[in-house]
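> Before anything else, here's the structure in question.
The values are calculated or read from the model by the stated rules, or taken from the named source; none is laboratory data. What you are looking at is a predicted structure, and each value in this text was computed from that prediction instead of being measured. Note that we place each Cβ from the backbone using ideal geometry, even for glycine, and neighbour counts take in every protein chain shown.
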Amino acid sequence: MVFFDHPLPLPLSHKCERGVNRVINAGRVVQPTCIWTFSPQFKLTSFSWWWLSFKLISYMVIQMKVVVRLFFRSIRILLIPFMHLFEFITTPKGVVRSAAAQEEVDRQSRNLVLYQFKTCPFCIKVRREIKRLSLPIELRDAQKNQQNRAALLQGGGQVKVPCLQIKDEQGKVQWMYESTAINQYLHQRFGVI
Ligand SMILES: N[C@@H](CCC(=O)N[C@@H](CS)C(=O)NCC(=O)O)C(=O)O
């Protein structure tokens, strides 16, 4: 009969031979919790096979997730300089208003905050519109800054960017997601015809 340490946790052990406290394994005295034998009494039940397969597959899925995440993270890091260059090239010049009109726009812009990621293409799209409309809107990074991330999650309900925080004259706060909706809103409110 072959004895060796049981390499697996329950439920395989329910089929194992029990009641033996000490076993000699390759000349060493070991204290097994369970002994797995090749004796005729030992059989892997179909449940155990399913359980083993499930464990194996879930382990592989977790490993794959890590690899896929690493892959996309490295691509993003490689793309960062190109995205900044793209933003620099495609950002238009800001509109010019009269001093009084710009002062009013500046005042209203103080009630707006854009939660964003530096290299998110949808955020670049909104930042471009902000620049085009000459709006001094505060930008808050929600990727690395945990405080901003938490504020976005708590206020808006999800960590998704771009998100425009709009405070009205009464102090009521609204959170607007979707780059297209944000650009439309900014255009309607501050657009120069
Ligand atoms: N349809 C949305 C897409 C926004 C989106 O997918 N944003 C990504 C970043 S580029 C995001 O917030 N992902 C959540 C995260 O990475 O945690 C829009 O146009 O604003």
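> Look at the range 105-129 and say how many of its residues are more than 14 Å from the ligand (Cβ to nearest atom) and in a helix (DSSP H, G or I). Don't jump to the end; show me each part of the working.
Within the range 105-129, the subset more than 14 Å from the ligand (Cβ to nearest atom) is 105-113.
Of the ones still in play, those that are also in a helix (DSSP H, G or I) are 105-109.
Selection size over the range 105-129: 5.
> List the residue pairs whose Cβ atoms are under 9 Å apart, where the first residue sits in the range 177-191 and is more than 14 Å from R127 (Cβ to Cβ), the second is of a type in the set (V, I, T) and within 13 Å of the ligand (Cβ to nearest atom), and the two are 6 or more positions apart or on different chains.
Listed pairs, sorted by first residue: Y177/V161.
> Let me ask you something else. Taking only the range 106-147 into account, find how many residues are aliphatic (A, V, I, L, M), over 12 Å from V161 (Cβ atoms) and in contact with a helix residue (DSSP H, G or I) (Cβ under 6 Å, 6 or more places away or on another chain).
Of the residues in that region, 3 qualify.
> Right, next: Condition first: surrounded by 15 or more Cβ atoms within 10 Å (Cβ to Cβ) and either in a helix (DSSP H, G or I) or more than 13 Å from the ligand (Cβ to nearest atom) (or both). Now tell me which residues in the range 156-167 satisfy that.
G156, Q165, I166 - these are the residues of the range 156-167 that are surrounded by 15 or more Cβ atoms within 10 Å (Cβ to Cβ) and either in a helix (DSSP H, G or I) or more than 13 Å from the ligand (Cβ to nearest atom) (or both).
> Any idea which of Q146, Q170 is surrounded by fewer than 15 Cβ atoms within 10 Å (Cβ to Cβ) and either at pLDDT 95 or above or over 30 Å from V192 (Cα atoms) (or both)? Write out each step before concluding.
Numbers: Q170 fails: either at pLDDT 95 or above or over 30 Å from V192 (Cα atoms) (or both).
When all the criteria are applied, what remains is Q146.
> Considering only the range 71-80, I want to know if a residue exists there that is outside the structural domain of Q146 (by TED's automatic domain parsing), over 16 Å from L139 (Cα atoms) and touching a residue at least 40 places away in the same chain (Cβ under 8 Å).
yes
> Taking the criterion of being touching a residue at least 40 places away in the same chain (Cβ under 8 Å) and more than 8 Å from the ligand (Cβ to nearest atom), would at least one residue in the range 138-151 satisfy it? It would help to see each step written out before you state the result.
Taking the range 138-151 and keeping what is touching a residue at least 40 places away in the same chain (Cβ under 8 Å), we get none.
No, the conditions are met nowhere in the range 138-151.
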